[in-house]
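The values are calculated or read from the model by the stated rules, or taken from the named source; none is laboratory data. What you are looking at is a predicted structure, and each value in this text was computed from that prediction instead of being measured. Neighbour counts are summed over all protein chains in view; Cβ atoms, including those assigned to glycine, are modelled from backbone coordinates with ideal geometry.
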Ligand code: SF4
């Protein structure tokens, strides 16, 4: 089932036909609520676990905390997932792959940045090979700060995401979440995706990187260097 671009309502050819019939809108509203409820309570998680935060994700998925209690289940493929959880440090070389996996996820989809490394690069932000926050190359819906955030924090993040989806589907305004700014810590020099101060050249460079798997990668391969 497809969902329209602003992710507020389900859309389907049958649905659109029924919408035109007199008196059917009440039933469709109910159907919409049922579908929204079903989706909220069956989020399929795609763990992009690269380092220590990934261990906390595994703990969250195991019996003591158990993301299943809110209907979520981890999937091993982006094509069957709704929510990407980036748990760990993302390197510059890895970023195009992460973006590619994100692009392979069907709409509607959401992303959670779990832990300080995914949020801002944290200790490693000024290292040449580390991405200073995943929101510099893909959208992030929920930030779960911590080093590492514990499983309860992740569950809270999932709850926040469910609430955001519910509000958006019912047509309520949803305040975009801001990248947390820990006191005393210098923020990364790269502005997040969609920030007016961001250089559009960056977006193009990232797109090129995704298409070529790494900057100039295809060219280098074809040249045999
Ligand atoms: S935020 Fe902390 S626990 Fe998580 S990946 Fe970074 S260093 Fe490891």
Considering only residues that are touching a residue at least 60 places away in the same chain (Cβ under 8 Å) and assigned to a helix (DSSP H, G or I), look in segment 15-45 and name the one that is nearest to the ligand (Cβ to nearest atom).
40
Scan of segment 93-115 for residues that are under 23 Å from residue 72 (Cβ atoms), assigned to a helix (DSSP H, G or I) and within 16 Å of the ligand (Cβ to nearest atom), ordered by number:
98
Show the residue pairs that are 6+ apart or on different chains and have beta-carbon atoms under 8 Å apart, the first residue being within segment 144-156 and in the same structural domain as residue 112 (by TED's automatic domain parsing) and under 17 Å from residue 122 (Cα atoms), the second being assigned to a loop (DSSP other than H, G, I, E, B) and within 11 Å of the ligand (Cβ to nearest atom).
144/115; 145/115; 146/115; 147/115; 148/115; 149/115
In segment 142-157, is there at least one residue being assigned to a loop (DSSP other than H, G, I, E, B), closer than 28 Å to residue 64 by Cβ and under 11 Å from the mean Cα position of the chain (by Cα)?
no
Give the residue that is farthest from the ligand (Cβ to nearest atom), with candidates limited to residues of segment 46-56 that are buried (at least 18 other Cβ atoms within 10 Å of the Cβ) and in contact (Cβ under 8 Å) with a residue 60 or more places away in the chain.
56
Being more than 10 Å from the ligand (Cβ to nearest atom) and crowded, with 24+ Cβ neighbours inside 10 Å narrows it down to one of 85, 119, 90, 127, so name that one.
85
